[in-house]
Amino acid sequence: MKKGEQTRERIIMKSAELFNRQGFAGSSLNDIIAATGIQKGGIYRHFGNKDEIALEAYNYAARIVGGKFADAIGRETTAAGRLLAYFRVYENVVEDPPFTGGCPLQNTAVESDDTHPVLRQRAQRGLNATLDSLKSIIQDGIRTGEFKKDVDADALASFAFSLLEGGILLSKLEGSNRHMLMNIASFTAYLQQCCLNAH
């Protein structure tokens, strides 16, 4: 990687951590300079404005978390295990989140809801991609007979993702992983009672 590319990558990486911790609006250019160790001119050589950095930073954070989801899912042999793998990635969200500051999608969605339509659109794409992945796992489970035929894949994907994001939010707010752990236990029980075929 050339020096210019390394500099650009450093700006993206450090800004992603900064924005995910402090928010886009709560992070100034001076904060980016402090986090990266790169002066204003160096930053503007690679990016036209803070918005451009924010979009690249979100993509970077989403890739990191997406990679951790993929690794966790890849270790599972059942559809139920693959759904629960999403939760396992955030099991220790308070002390050891998969990305500094928590869930990039959640943080971006909450902050950009009414203030930054382009970032909101990017977060919405992340939401749709995650729901599609969850639905695909559920549909596979239905096809293989692991899940009951009458399981609504769309509704179950939405429920799973809502439980995941709710667990992240409550655990981070309280400073305790207990909400995430309760949601994992509740979702495991729900799958066993409502979705899994008895073998």
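Okay, here's what the table says:
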read-out	value
Of the GluC sites (Glu not before Pro) in segment 72-103, those whose Cβ has at most 13 other Cβ within 10 Å and which sit in DSSP loop	GLU95
Cβ charges +1 (Lys, Arg) and -1 (Asp, Glu), total dipole of the chain, debye	600
The chain, relative contact order in percent, only Cα pairs under 8 angstrom and at least six apart counted	20
Calculated FRET value between ASP150 and ASP114, using beta carbons and R₀ = 41 Å, to 0.05	0.60
Pairs beyond 31 Å (Cα-Cα), from LYS2/LYS68; LYS40/LYS68; LYS135/LYS172; LYS68/LYS172	LYS40/LYS68
The chain - accessible surface per residue (Å², probe 1.4 Å)	53
Within a Gaussian network of the chain (alpha carbon springs, distance under 10 Å), most fluctuating of ALA34, ALA123, ALA57	ALA34
Equivalent ellipsoid dimensions for segment 51-195 as semi-axes, Å, which come from the Cα gyration tensor, largest first	26, 18, 14
Residue-averaged [θ]222 nm for the chain, counting only DSSP H segments that reach four residues, each worth -39500 (n - 2.57)	-23500 deg cm²/dmol
DSSP H segments from the chain that extend 30 Å or more along their own axis, Cα-based, with Kyte-Doolittle mean of -1.0 or above	50-74, 117-143, 153-174
Rounded percent of accessible protein surface that carbon and sulfur make up, the chain, 1.4 Å probe	50
Under-5 Å amide H pairs with PHE147, H placed in peptide plane, nonlocal only	ILE142, ASN197
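The values are calculated or read from the model by the stated rules, or taken from the named source; none is laboratory data. Predicted, not measured: the structure shown is a model, and the values here were computed from it. All Cβ positions, even for glycine, are placed from backbone atoms using ideal geometry, and neighbour counts span all protein chains on display. Ligands, DNA and RNA are excluded from the accessible area calculation, which covers all protein heavy atoms including side chains. Shrake-Rupley method; radii C 1.70, N 1.55, O 1.52, S 1.80 Å.
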